Amino acid sequence: MRKKISRIVVVLGTLCAATAIDAQSMFRGDPMHSGTYAGPAPRQFHRVKWKFPTGDRVISSPVFKDNVIYFGGDDGNVYAVNAATGHQIWKRVTNGPVPATPAVVNGTVYVGSYDGKFYAFDAQTGALKWKFATGGERRFEAKGLHGMQPKDQTIADPFDTFLSSPVVANGAVYFGSGDGNLYALDSATGDLRWKFKTGDVVHASPALAEGVLFFGSWDSYFYAVDATTGKEKWRFHGGEDPTMHNQVGFQSSPAVVNGTVYTGCRDANLYALDAATGKEKWRFFNDLSWVITSPAVADGKVFFATSDSSLYHVVDASSGKPIVRQQGKTYMFSSPAVAGDVVFIGVLNGTLEARDTKTGDLLWDFQVEKSKKNKGWVLTSDGKFNAPFLFHSNWREAPLVATDQQILVGGIYSSPLVVNGVIYFGSADGFLYALE
Amino acid sequence: MTAARALVRLVLILIVAVALTSRAEDVISGRWEGTAQIPDNELSVVIDLAQENGAWVGSIIIPGLGIKGVSLNDIRVQPPDVNFAVKGGPGIELKLRLDANNKLAGNLEQAGNRAPTTLQKTGPPQVEYPPRNTPVAKELEGEWKGDYEMLGNTRHVSIKFANHPDGAAADFVVVGRKHNVLPVDLVTQESDLVTVDSHEMGFSFEGRLRDGKLTGAIHQGAIETPLVLVRAK
C-alpha cells in the first residue's frame, strides 16, 4: 500500500512538474498570464550563471521549453539558447526588431516582428514553418503626444516598447498587431481563422480563459472576444486624454484568475473586471502614473508596479485594498514574476530586483555593467532617472533622444522567467542573463 | 620695535593682503569658457561673473542642457575658491579653484554625479539678468478666479495680484485632485497683457484685461487651454 501511495505521489509529482515546465513556454507563464512560476526561487544572489550577447536591445521576455530558452532580439533575430550553458542552438532573422515574447507549443516557436510578419519556426532547428503578413506594424502615435512639440505634429510613442506576445491553444495562435487587429491563425498552417478590429494599435498580449480572449487596445477600450468565433462579448472603456494622449490606452497585458480580469492602463489605473460581464469590480488609481506592467496574481494578491511614480504594489485581489507599497528607484515596465516567496521585477535603470512576496522588502538586486557606468548621467548617483538633466526640452527629437539615452543604461523591460531556481531576463544592454 | 612701527607694519600687511585679494577678485570677474567632462557627453560651459556694489552676480550658459543666461545662486568667491549653484533647472553646482595658470578647475556636480570641469577666461563679463516683475494696474490687484478642463477633470485657478515697491507679486493656485500652490517667477503687465509664470512647474497664465475679465489661456508645457478669470467675490 505504502509503495502504491509513493508511486502515485511520484506520478503526480512528475505530472505537476511537467505542467509547471509547460507553463513556462509562453508570455507570463500560461495562457491566463498569471505571472507565477513553480519551483524554487533564490532569496539570495549567488552568481551570473551565464550571459548571452545579441546585436541589440533585448526587450522580449524569455520562455523555456525542453531545456531551451527562446526569446526575440531587437537585432531582428529569434534565438534558441541552451538553458544550462547559454550557448546558442539556433537563430533566425526577421526583417525587424522582435520585442515580443515567443510562445513554444508542440515543437513550434510562434512570434511576431516589427516587419509586420508573424512567424512559426521549428523549435528544434529554427526552420521556418510558415509566416503570416499582418496589415503592418507601427507604434502608437498622436499629435502633441505627451506634450511634445510641435503640438500639431504626429509623434510615435517612444514608450510603446513591446509587441504583442502570442497565446496558443486549441490549434490556434492569437496575437495583437499595430494594424489594430487581434488575429486568430491556424497554429499548424498560419491560415487566418478570423480577425477582430479595434480602433488603434494592439500591443498588449491577449490572455485566454474559458474560451474567451481578453486584451486591451490603444483605442482606450478593453475587449473580451470569443476565441472560436472572434465575436465581441463585451468591452470596457478606460480613460481618455484627447489633449496629450498621455493618459490613454492599454499597454499592459491582462491576467485572468478566478473569473476576474486584472489589467493595468495608461490612464493610471489598475482595473479588476468581471470576466463574464466586463463590469468593473474595483480600480486602483496611481496618481497619473502609468501601469505598463502586466499584473501577476498569486495567493489572492495582485502584484504590479508603476512608471513615473516608480512604486511597487501588492493589493488584495478581491477588493483592491493595498497590502504592500514600496518605493522603487525608477520606472517599471517589466512585469513581476512570482516564484515561491520571491517576486522578481526588472527596473528601467538596469537593475533586476528580488522582493519578498509578503513584505515587498528588497532581498537582493543585480545591476548590469552599463547601468553602473552611467554614461551621460542618465541616472542620479542613487540610481534614479536623472529626468531634469535629460528631459530639458520638449522640442523636436529631444525627448526621443533622451528616452533612447535612458534605454542605453541597460533598462530591463523584459519580464523575468524563473525555472529551477534560475532567473532569466533580457536587458537593453543587448544581453540575455541567467542568474542563480 | 616700537608700538608705532608694529602698527605701521600691520597696516602695510593688511593693505598688501587686500590688494592681492582685490587682484584675485579682478581675475575672477569675467567670462569663462570651457567644458565639463560628463562620461560620453562633454558639455560646453560658459560662465559670466562680475561684482556689483560689492556683491557677486553671475549667469551661466550650457548649450547641451538648454540653459541660457540662467542666474547663479549662492556665489561664494574666496580666492582661490569659487563656488556657486545654478538657479532652478536640474540642480547644478560648480566647485572651482583658480589654479597657477589662471584657469578655473574643479567639478560640476548634479544629482550626486561629479564631472571634472576646466574653464578659461575669454573676456569681460556679459552677465544676463532675469526679467523683472513689473507693477500691475490698480484694477488688477486682488484675487481672480476661473476654471478649465484637463483630462476630464475641472481645475480651479486662483491668481491674487499685489503691488510691491520692486514690482508686482502673485499667488498662483491650481486645485484639481490636489491643491497646488505654484511658485511664481515672473509677473508682468504690458498694456492690457498680463502674464504670470511658474517656470519651475512649467505653468503660466497669459491673458488680456478687458471688460473686467482676464481672458487668455493657461499653458502647461506645450498644452494651451483657454481660461477666463473673473474677480473673486
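Coordinate-derived values only; no laboratory data. A quick note: this is a predicted structure, and the numbers were derived from the prediction, not measured. Positions of Cβ are generated from backbone atoms using ideal geometry, with glycine treated the same way; all protein chains shown enter the neighbour counts.
Exposure proxy ranking for A:D30, A:D226, based on other Cβ atoms within 10 angstrom of each Cβ and starting from the fewest, stands as A:D226, A:D30. Ranking A:G259, A:F285, A:N269 by how far each Cα lies toward the positive end of the dipole of the range A:241-301 (charges on Cβ) leaves A:G259 at the top. With the cut-off at 1.5 for a/c, could you classify chain B from its C-alpha gyration tensor as rounded, prolate or oblate? Cα axes put chain B in the prolate bin.
Rg of the Cα atoms in the range A:58-174, relative to 2.2 N^0.38 Å, amounts to 1.19.
Under conditions of 10 °C and 1.306 mPa s, the protein assembly as shown yields 57 µm² s⁻¹ as its translational diffusion coefficient, taking Rh as the Kirkwood radius over Cα pairs in the Stokes-Einstein equation.
Among A:T161, A:L363, A:W130, which residue has its Cα positioned farthest towards the positive end of the charge dipole of the protein assembly as shown, with +1 placed on the Cβ of Lys and Arg, -1 on the Cβ of Asp and Glu, and the dipole taken about the Cα centre? Highest projection toward the positive end goes to A:L363. By its C-alpha gyration tensor, with a ≥ b ≥ c as the square roots of the eigenvalues, how is the range A:268-398 shaped: rounded for a/c under 1.5, else prolate for a/b larger than b/c, else oblate? Oblate. Most tightly packed first, judged by the mean number of other beta-carbon atoms within 10 Å of their residues, the peptides A:285-292, A:180-187, A:44-51, B:223-230 read A:180-187, A:285-292, B:223-230, A:44-51. Think of the protein assembly as shown as a dipole: +1 on every Lys or Arg Cβ, -1 on every Asp or Glu Cβ, centred on the Cα centre; then among A:S335, A:P388, B:I67, A:S335 lies furthest on the positive end.
The slack in the chain from A:N67 to A:Q124, taken as 0.36 nm per residue of separation less the alpha-carbon distance, amounts to 19.4 nm. Would you look at the GNM of chain B, springs on alpha carbons closer than 10 Å, and say which of B:R177, B:R114, B:R155 moves the most? Ranking B:R177, B:R114, B:R155 by mean-square fluctuation puts B:R177 first.
Rounded to the nearest 20, the Cβ-based charge dipole of the range B:167-233 about its Cα centre (Lys and Arg +1, Asp and Glu -1) stands at 420 debye. Please state the charge dipole magnitude for chain B, taken about the Cα centre, from unit charges on C-beta atoms (+1 on K and R, -1 on D and E), reported in debye and rounded to the nearest 20. With only Lys, Arg, Asp and Glu charged at Cβ, the dipole is about 540 debye. Shielding of peptide A:368-379 by partners, expressed as the average count of other chain Cβ atoms within 10 Å per residue Cβ, is 3.
Legend: calculated FRET efficiency, B:N102 to B:V228, from the Cβ-Cβ distance at R0 = 56 Å, rounded to 0.05, equals 0.45. In nanometres, what is the gap between the two model label sites at A:K375 and A:K197, each 7 Å from Cα along Cα-to-Cβ? The two pseudo-label positions are separated by 4.5 nm.
In square nanometres, what is the average projected area of the Cα convex hull of the range B:38-173? Projected area, direction-averaged: 12.5 nm².
Site pair B:A217 and B:E139 shows an inter-label distance of 2.5 nm when each label is modelled 7 Å from Cα along Cα→Cβ. Of the trypsin sites (Lys or Arg not before Pro) found in the range A:235-286, the ones in coil according to DSSP and having at most 14 other Cβ atoms within 10 Å of their Cβ are A:K279. Charge dipole of the protein assembly as shown (Cα centre as origin; +1 on each Lys and Arg Cβ, -1 on each Asp and Glu Cβ, all else neutral): 1640 debye, rounded to the nearest 20. Kindly state, to the nearest 0.05, the FRET efficiency for A:K321 paired with A:D404, given R0 = 41 Å and r defined as their beta-carbon distance. Rounded to the nearest 0.05, the efficiency is 0.60.
Taking 0.36 nm per residue of separation and subtracting the Cα-Cα distance, full extension of the segment from A:D356 to A:Q88 would add 93.2 nm.
Annotation: peptides A:162-173, B:198-209, A:332-343, ranked by per-residue average of other Cβ atoms within 10 Å with the highest first, follow the order A:332-343, A:162-173, B:198-209. Extension gain, A:E232 to A:H46, is 62.1 nm, computed as 0.36 nm per intervening residue step minus the present C-alpha separation.
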